[in-house]
Each structure stands twice: as structure tokens, then as C-alpha cells.
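This report refers to the structure that appears directly beneath it.
The values are calculated or read from the model by the stated rules, or taken from the named source; none is laboratory data. Worth saying up front: this structure is predicted, and the values here are computed from it rather than measured. We place every Cβ from the backbone using ideal geometry, glycine too, and count neighbours over all the protein chains shown. All accessible areas refer to the heavy atoms of the entire protein, side chains included, with ligands and DNA or RNA removed. Shrake-Rupley method; radii C 1.70, N 1.55, O 1.52, S 1.80 Å.
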Amino acid sequence: MEYELNTYELIFMIVLGLLACLFGYRIKKIAFFILWFLLGFNLMQFLMPTINGWFPEIATNDLWQHLLPICGGLLLSLIGFTIEKLCVAGICFCLVMVIGIYYFGTAPLTLVLTALVGVIAGALGVRLMKPTIIAASAIAGAYAITVSLFCLFPELITNKAMLYFPILAGIAMIGAIFQVTTTKHVN
């Protein structure tokens with residue numbers, strides 16, 4: 001699945017990804033806003049071909065093509081200001097779904113299995129709040145960075161399927177280690 005984003009949108013996603021990846025727990029409320037925005041933005045990017053099929057008049061309008069993903073991101077980001085447990089469970093579920101869809105596709109069995117893993121991840125996330133917030137913000141930030149880098153430098157990354165998880169995991173581990181070392185005494 002390839003996204004059709006402008007360079008400034010990709011750079012904006014990298015900046016938001018870095019903020020979430022490195023400072024997610026310190027700036028929880030802002031991080032929840034950023035995480036939900038990134039998830040909503042990516043979800044709307046994924047749904048844009050379907051929406052364009054339903055409403056052909058917006059398919060040719062560049063304003064709608066850029067505005068709808070931003071609105072989807074803002075709509076989901078409002079969830080970041082609600083109950084923390086709901087937010088953590090939702091972020092865990094959505095992260096599993098987004099990463100699963102990006103890597104394994106949208107076959108019905110794949111979606112069911114990914115959703116099941118997402119529900120389990122959400123339940124575990126609620127039980128372990130601080131580690132989950134650190135891990136989820138690091139993974140979400142790493143996801144935004146990885147996907148943006150793949151789009152910015154397609155000629156440098158020839159085998160995306162093989163490199164996707166190692167790059168995602170490497171960036172997420174760096175972010176999580178950074179957050180753990182800088183938030184030892186923060187509750």
C-alpha cells in the first residue's frame with residue numbers, strides 16, 4: 001500500500017513521529033493527540049480510494065484529497081483528551097490494526113486475526129499503563145517515521161517488505177529506551 005503524500009506532509013509526519021517516539025510518556029496528553037491524529041490520518045489515507053469511489057466529485061478536487069485525511073486525524077485525535085484507559089486500549093488496538101494492514105494486507109482472515117491480537121494488546125495495555133504508553137507512543141512514532149521514510153526515499157529502500165519490521169522495531173526500541181531512561185522518576 002503506497003500513500004500519495006506531499007513532501008511537507010511526510011516531513012510533518014516525521015516530526016510528529018519523533019515527538020511521539022521520544023517524548024510520548026512525558027507529554028501524554030499531547031502524545032495521545034498526536035498518536036490519534038497519525039492513526040486517523042493514515043486510516044483516512046487508506047480509505048480515500050473507497051471514499052473517492054463513493055463520491056466521484058471529490059476525487060478530482062485536491063482540496064478534499066488533502067482536507068479529508070487531516071479532518072480524520074483531527075476527529076480521532078479528540079479521543080486523546082478522553083479517558084486515559086480507553087485511550088491506551090484504543091491506541092494499542094489501532095496500532096496493531098494499522099501495522100497489520102500495512103504489512104499483511106486486508107484479507108478477511110488477516111483482519112480478524114489482527115483484530116484479535118489488537119484486542120489482546122489493548123487489554124494488556126490497560127493493565128500496564130506506563131510501559132504501554134511508552135511502548136505505544138514509541139511504536140506509533142516509529143510507524144510514522146518508517147512509512148514516511150519509505151515514501152520520501154523509495155529509491156534507497158528496494159525491499160520494503162523485508163526491511164519494514166526491522167526498521168520499525170529499531171526506531172521503536174530507540175524511542176522506548178530513550179523514554180524509559182528519561183522518565184524513571186516521572187509518574
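Within the stretch 20-45, if we keep just the residues that are open to solvent by 70 Å² or more (accessible area, probe 1.4 Å) and in a helix (DSSP H, G or I), the residue that is modelled with the highest pLDDT turns out to be 23. Checking 74, 116, 124, 109 one by one, the residue that is under 15 Å from residue 43 (Cβ atoms) and open to solvent by 30 Å² or more (accessible area, probe 1.4 Å) is 74 and no other.
Of 95, 86, 111, 116, all but one fail to be in a helix (DSSP H, G or I) and closer than 26 Å to residue 11 by Cβ; the exception is 95. Whether a residue is touching a residue at least 40 places away in the same chain (Cβ under 8 Å) and either in a helix (DSSP H, G or I) or under 17 Å from residue 39 (Cβ atoms) (or both) was assessed, and residue 126 passes this test. Residue 79 fulfils the conditions (1) modelled with pLDDT of 80 or more; (2) out of contact with any Ser or Thr (no Cβ under 7 Å at 6 or more places or on another chain) except for a single criterion, (1).
Applying the criterion of being surrounded by fewer than 18 Cβ atoms within 10 Å (Cβ to Cβ) and in contact (Cβ under 8 Å) with a residue 40 or more places away in the chain to the residues of the stretch 162-186, the residue that is nearest to residue 118 (Cα to Cα) is 165.
Restricting to the stretch 46-71, what's the tally of residues that are open to solvent by 80 Å² or more (accessible area, probe 1.4 Å) and not in a helix (DSSP H, G or I)? Final tally of qualifying residues: 2.
Quick check on my filter: what residues within the stretch 151-161 are under 23 Å from residue 11 (Cβ atoms) and free of Cβ contacts under 8 Å to residues at least 12 places away in the same chain? Explain how you work it out, then say what you get.
Step one: list which residues in the stretch 151-161 are under 23 Å from residue 11 (Cβ atoms), which gives 151-158, 160.
Correct list: 153, 154, 155, 156, 157, 158, 160.
Yes or no: the stretch 1-10 includes at least one residue that is surrounded by 13 or more Cβ atoms within 10 Å (Cβ to Cβ), out of contact with any Gly (no Cβ under 6 Å at 6 or more places or on another chain) and among the β-branched types (Val, Ile, Thr). The answer is no, given that none of the residues of the stretch 1-10 is surrounded by 13 or more Cβ atoms within 10 Å (Cβ to Cβ), out of contact with any Gly (no Cβ under 6 Å at 6 or more places or on another chain) and among the β-branched types (Val, Ile, Thr).
Looking for something of a type in the set (A, V, I, L, M), under 19 Å from residue 30 (Cβ atoms) and surrounded by fewer than 16 Cβ atoms within 10 Å (Cβ to Cβ) - is there at least one such residue anywhere in the stretch 131-151? No, there is no match, as no residue in the stretch 131-151 is of a type in the set (A, V, I, L, M), under 19 Å from residue 30 (Cβ atoms) and surrounded by fewer than 16 Cβ atoms within 10 Å (Cβ to Cβ). Screening residue 17 against (1) within 15 Å of the chain's Cα centre (by Cα); (2) at pLDDT 85 or above; (3) small (Gly, Ala, Ser); (4) over 26 Å from residue 182 (Cβ atoms) leaves a single unmet condition, (4). The set of residues in the stretch 91-106 being buried (at least 23 other Cβ atoms within 10 Å of the Cβ) and either touching a Phe, Trp or Tyr at 6+ places or on another chain (Cβ under 9 Å) or over 18 Å from residue 40 (Cβ atoms) (or both) consists of 91, 94, 95.
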